[in-house]
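Here the structure is laid out as structure tokens; the discussion comes afterwards.
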Amino acid sequence: YLDSGGVFFAEASGGSAEFTKAFEALSKKLGAKLTKAAAGNALFFAHHIFSRAPLGAVDGDLLIDESAGVILSTADYGAAWQGKIDKPTAADARERIRESMEFGLNVLAYAARRKRVHKLQG
């Protein structure tokens, strides 16, 4: 799947350290070397524009190996997509939900572009 241009996006629900550790082990078996997504990463401008990884339901990181097509989030964007923010009364709660929704669109656009580029090169 990954060799044909697919993207493997995983998310540690609630920022789960156990899931993160297990996924990092799996990603190594897939030959991926996850590093923190740096400014200018294609994920940050695939559709909406971000200067950094957006905030999710919890404070977390975004790790990626672009060449392998493997991405790991510990920010729990999925919970934010459902309006389940760690601190729902925080001043930035609505902003976290909006940024998470926009970032979800970026992940889809990034995956579609990766698949298309692979087909054009193949």
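Below are the figures for this structure:
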| read-out | value |
| --- | --- |
| Probe 1.4 Å - accessible area at VAL117, Å² to nearest ten | 50 |
| Separation between Cα centres of segment 2-41 and segment 85-100, rounded to whole Å | 24 |
| Distance in nm between pseudo-label sites at TRP81 and ALA22 (7 Å out along the Cβ direction from Cα) | 2.0 |
| Carbon plus sulfur fraction of accessible area for segment 1-43, probe 1.4 Å, in percent | 57 |
| Whole-Hz couplings from phi, Karplus 6.51/-1.76/1.60, listed for segment 91-104; x for Gly and Pro | 4, 9, 4, 5, 5, 5, 5, 4, 4, 5, 4, 5, 5, x |
| Phi to ³J(HN,Hα) by Karplus 6.51 cos²θ - 1.76 cosθ + 1.60 over segment 108-115, Hz, x for Gly, Pro | 5, 5, 4, 5, 5, 5, 4, 5 |
| Accessible solvent surface per residue of the chain, calculated while the other protein chains remain in place, 1.4 angstrom probe, Å² | 58 |
| Computed accessible area, ASP59, all protein chains, 1.4 angstrom probe, square angstrom | 120 |
| Accessible area of PHE23 in the full protein assembly, 1.4 Å probe (Å², nearest 10) | 10 |
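The values are calculated or read from the model by the stated rules, or taken from the named source; none is laboratory data. Nothing here was measured: the structure is a model prediction, and the numbers come from that model. In this analysis, Cβ positions are derived from the backbone assuming ideal geometry, glycine residues included, and neighbour counts consider all displayed protein chains. For accessibility, only protein heavy atoms count, side chains too; no ligands or nucleic acids. Shrake-Rupley method; radii C 1.70, N 1.55, O 1.52, S 1.80 Å.
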